[in-house]
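Here is the structure we will look at.
The values are calculated or read from the model by the stated rules, or taken from the named source; none is laboratory data. Keep in mind it's a predicted model, so treat the numbers as computed, not measured. As a convention, Cβ positions derive from the backbone with ideal geometry for all residues, glycine included, and neighbour counts pool all protein chains shown. Note: accessible area is taken over every heavy atom of the protein model, side chains too, but ligands, DNA and RNA are not part of it. Shrake-Rupley method; radii C 1.70, N 1.55, O 1.52, S 1.80 Å.
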Amino acid sequence: MAADASDLRDDTLWLGGAYELAVELGERDDARLEAALTTLWTAADVAGCQAADRDDPRTWADAPCTAAALQRHGRLAGLVTLPRRRTVVCGVRAVRQVSGTDWLVFFIPVGALDLAEPRSAAFPFRGGDSLLWRRPLDRWLAGIGARLHAVVPFRLALIGPEVAGLTTARSLGGRPPAERWAAYLIPSGTGLEYHQADR
């Protein structure tokens, strides 16, 4: 039987890293984290909200889409339809840094992405060939980020493989790097600027 990229219970889908929309929300704020989580879930049109049992990761149960549930379980998961119309598992996690900064990370696990997009089999994703399939995925994730920012303004969002914490809004100073293997969403005085990956 062929593997199913939408089977939450298939452990292999969750292996190998993740392709992320990582959002630097700002200083630690429980209410903002909650608002960002629920807005992101709606913006991405995620079906369901489940959490894995800590003692048995193959056992999933319905969970509330709340910051409290996210912090209790470590991640929440559901199903999302990618631009090429394949339905895959997806997840979200929070990174609450010692420095006091909150990040919210929406991700497609690489195991699921490999099934939905066979061209993604080489990880990490770098180079010209990978841009052919990454750019539509990046634009889709950027759209989710833009809808999130319209409701819950954030400092910065990064899009790509394992990008959470790669840099910060303060480090960038409002300007993306000249060479980018990740895509960037940077708030500016005129709105939210999207800078696509070029590597």
inquiry  = Please pick out the residue among R147, R85 that is out of contact with any Phe, Trp or Tyr (no Cβ under 9 Å at 6 or more places or on another chain), modelled with pLDDT of 95 or more and open to solvent by 40 Å² or more (accessible area, probe 1.4 Å).
reply    = R147
ask   = Pairs, please: C-beta under 9 Å, at least 6 apart or cross-chain, first residue among the β-branched types (V, I, T) and in region 104-115, second in a helix (DSSP H, G or I)?
value = I108/A116; I108/L137; I108/L141; V110/L13; V110/W14; V110/S120
query = Counting only residues that are part of a helix (DSSP H, G or I) and of a type in the set (A, V, I, L, M), how many does region 1-15 have?
reply = 1
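Per-residue answers, yes or no, for (1) over 13 Å from the mean Cα position of the chain (by Cα); (2) under 24 Å from F154 (Cα atoms); (3) aliphatic (A, V, I, L, M):
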{"residue": "A35", "(1), (2), (3)": "yes, yes, yes"}
{"residue": "A44", "(1), (2), (3)": "no, yes, yes"}
{"residue": "A52", "(1), (2), (3)": "yes, no, yes"}
{"residue": "T101", "(1), (2), (3)": "yes, yes, no"}
{"residue": "V110", "(1), (2), (3)": "no, no, yes"}
{"residue": "R119", "(1), (2), (3)": "yes, no, no"}
key: Residue ranges of strands (runs of 3 or more DSSP E) in region 16-75 with at least 1 members surrounded by fewer than 22 Cβ atoms within 10 Å (Cβ to Cβ), acidic (D, E) and without any contact (Cβ under 8 Å) to a residue 24 or more places away in the chain   = 60-62
query = Going through region 131-151 one residue at a time, which ones are in contact with a strand residue (DSSP E or B) (Cβ under 7 Å, 6 or more places away or on another chain) and β-branched (V, I, T)?
reply = I144
message = Can you confirm whether R135 is among the basic types (K, R), farther than 20 Å from L33 by Cα and either open to solvent by less than 10 Å² (accessible area, probe 1.4 Å) or touching a residue at least 24 places away in the same chain (Cβ under 8 Å) (or both)?
response = yes
task = Please work out which residue is nearest to A18 (Cα to Cα), limiting yourself to region 181-194 and to residues that are open to solvent by less than 40 Å² (accessible area, probe 1.4 Å) and modelled with pLDDT under 95.
result = A182
